[in-house]
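All of the numbers you see were taken from the coordinates with simple rules; none came from a lab. What you see is a predicted model, and the numbers here were worked out from it, not measured in a lab. Quick reminder, even Gly has a Cβ in these numbers, built from the backbone with ideal geometry, and neighbours come from all protein chains shown.
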Amino acid sequence: MTATIERGAATAPVTSPAPVKKPTRKRPRGFLSSSNGKKVVMAVTGAVMVTFLILHMLGNLKIFISKESFNEYAHALRTLLEPLLPYRTVLTIVEVVLVASVVLHMWAAISLARRAHSARPVKYVAKKSQANGYATHIMRLGGVTILLFLIWHLLDLTFGVVNPKGFDSSPADRMIAGFDPSRWWVAIIYFAAVVMVGLHLRHGVWSAFQTLGWANRDRNKGLRLGAGLLSAVLVVGFLSPPLAIMFGVVQ
Ligand code: HEM
């Protein structure tokens with residue numbers, strides 16, 4: 001834009017400064033669009049999944065009591081609150097809540113990662129702390145591995161599509177056939193996935209403690225230990241049935 005200043009007969013064109021463009025920053029519209037909101041979504045959905053995992057692991061350990069005990073437990077899951085509610089209602093609700101938790105957890109993780117990236121598109125020149133880089137990689141790799149594993153796992157033990165005993169067998173028979181020593185490669189898939197679940201959990205539970213504001217200098221050591229212990233118990237608990245089946249302890 002140009003303006004002219006009259007100075008006698010002469011006119012001198014003066015260039016007025018270009019209007020300063022303020023950086024357009026989209027304001028988070030609601031709690032869920034804020035970083036804190038997304039972290040809370042991650043913590044809550046993570047807690048739902050951890051609760052499921054603890055119950056699932058305890059249920060799997062029933063195979064050590066007997067095949068019948070494991071089958072009864074699998075049957076009980078489908079007949080919960082019967083006859084008040086029709087067959088499989090509670091289990092279906094649990095499945096819907098689980099799927100919603102997985103989707104929301106991933107949505108929050110991806111949008112937090114995108115936000116962090118767009119806030120600093122150019123990487124720090126200084127060397128990143130090893131712990132940070134490791135955690136980020138393990139969380140991403142873990143998330144994708146667990147998702148792929150889940151697809152296989154459902155086809156194997158829930159729907160029986162890739163299981164030698166098929167769908168019409170009992171849950172205990174499917175599990176025992178699934179971990180037959182001849183299918184050692186299946187055991188490798190499970191082991192890799194369960195270890196990833198453990199690593200993902202250890203970091204995730206610790207992050208959730210921070211989001212909830214529980215972490216401080218005095219408690220950090222205890223909270224880290226708690227997150228590590230929970231993950232270790234889950235890994236050992238999940239891996240014991242396949243190991244026992246492979247080594248013939250459970251037949
Ligand atoms: C080696 C460890 C594991 C074993 C032996 C195992 C075993 C089983 C079995 C037998 C079923 C079918 C239950 C039934 O039809 O009544 C099942 C279902 C399921 N498992 Fe696992 N599981 C393991 C690890 C995991 C892990 C690590 C996850 C999650 C990350 C997981 C998630 C699920 C889900 C979502 C279902 C479907 C539940 C439903 O019927 O709605 N499992 N598992």
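Listed values, structure above:
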quantity	calculated
Global geometry of region 148-191, whether rounded, prolate or oblate, following the gyration tensor of its Cα atoms and the 1.5 cut on a/c	oblate
Separation between Cα centres of region 174-194 and region 37-67, rounded to whole Å	20
Sorted peptide list for 174-181, 73-80, criterion being average Cβ within 10 angstrom, highest first	174-181, 73-80
Anisotropy class of region 174-232 from Cα gyration tensor, a/c 1.5 cut	prolate
FRET efficiency for GLN251 and SER35, using Cβ-Cβ distance with R0 set to 41 Å, rounded to 0.05	0.20
Highest average packing first - 236-249, 157-170, Cβ atoms within 10 Å	236-249, 157-170
Set of region 41-72 residues, backbone N closer than 17 Å to the point 7 Å along the Cα-Cβ line of VAL99	49
Extension gain, VAL161 back to ASN220 (0.36 nm per residue minus Cα-Cα distance, nm)	16.7 nm
Per-residue HN-Hα couplings for region 40-55 [Karplus 6.51, -1.76, 1.60; θ = phi - 60°; Hz; x = Gly/Pro]	5, 4, 5, 5, 5, 5, x, 5, 4, 5, 5, 4, 4, 4, 5, 5
Whole-Hz ³J(HN,Hα) from phi, Karplus 6.51 cos²θ - 1.76 cosθ + 1.60, for region 224-234, glycine and proline x	4, 5, x, 5, x, 5, 4, 5, 5, 4, 5
³J(HN,Hα) computed for each position of region 62-79 - Karplus, 6.51 cos²θ - 1.76 cosθ + 1.60, integer Hz, glycine/proline x	4, 4, 6, 6, 5, 5, 4, 4, 5, 5, 4, 5, 4, 5, 4, 4, 7, 10
